[in-house]
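Heads up, the thing below is written out as structure tokens.
Computed from the coordinates by the stated procedures, all read-outs in this text should not be read as laboratory data. Note that the structure is a prediction, hence the values are computed from the model and not measured. Note: ideal-geometry Cβ built from the backbone for every residue, glycine included; neighbour counts use all protein chains shown.
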Amino acid sequence: MYGIGIRRVATAMVTASAATLLMTACQPGESPTGAGSSPSGAPVKPAASTSRSTSSTTSPSTPSTSATSGSPTHTAAPSTGAKACGLSDLKASMYQAAVRPDGTGTGAAIVEFTNVSGTACTVQGYPTVAGAGNGSPEKNRPLKVTTTGGASTVKIAAGGKAWTKLTFTQVQGEADGYCTSGTTPASYPTLVVGVPRAGAHQVALTDGVIAECDDKVTVTALSAAKPS
């Protein structure tokens, strides 16, 4: 009888525990410990929310704000609305500058480019310079150019002009003269002046020949302002 009583009590306890667990699992809005709550009983945010957030920021079909509305890393230079001048668009002439180094040579000259194309065009940069031996461009002798001043795009209207100034190492003394460096002065009937993107222009002084020392020249950038 004693053994039978113990078995009946044990069976009743197991049945009661199973019923309690079943009722707990079936209650709405609750999750087993470890899935929806911390060991202390505090609710835990579902992991699915974090997964959805991550996928929305990396999806290729949903660009981020910085990718679609961020500021550009550079700004394009404003256009002048005119094409670059070509070789046939410009007519070159050259005359002695009013302001030049002391001496008996050329000292400095102004090269003037007139736009004869009938439409506006642009030039920019520093010309190259060579002395034309015996006036022949194919026998030219490049001069060592030192540039001065800042270069910018110059828009030349039809019939308009742009200028550059060439300053030479001056010849000293009378007759054939001399160079302070000890070299022999050079003279050129014409120069070959190269304009970036607009070709090489052979040009002569309106009043004499180019006389200079050391085959060196300082060149200003092409400009819409006439130098002196």
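Worth a mention:
- What the phi angles of the stretch 117-124 give under the Karplus curve with 6.51, -1.76 and 1.60, with θ = phi - 60°, is a coupling list of 7, x, 9, 5, 8, 10, 10, 7 Hz, glycine and proline written as x.
- Karplus-derived HN-Hα couplings along the stretch 140-156 (A = 6.51, B = -1.76, C = 1.60, θ = phi - 60°), whole Hz, x at Gly and Pro: 5, 10, x, 9, 6, 9, 10, 8, 9, x, x, 9, 9, 6, 10, 8, 9
- Interchain or long-range residues, amide H under 5 Å from T190's placed H: A132, G135
- For K161, the lysines whose Cα comes closer than 17 Å to its Cα, not counting residues fewer than 8 places off in the same chain, are K83, K91, K226.
- Estimated FRET transfer efficiency when R0 is 45 angstrom, pair T146-T119 (beta carbons, to 0.05): 0.85
- Cut-off 15 Å between beta-carbons: net charge of the residues surrounding T148, Lys and Arg +1, Asp and Glu -1: +4
- Computed from phi, the 3J(HN,Hα) profile of the stretch 211-216 under the Karplus parametrisation 6.51, -1.76, 1.60 (θ = phi - 60°) reads 10, 8, 10, 6, 6, 10 Hz, with x in place of Gly and Pro.
- The gain in end-to-end length when the L87 to D176 segment is fully stretched comes to 28.5 nm, 0.36 nm per residue minus the alpha carbon separation.
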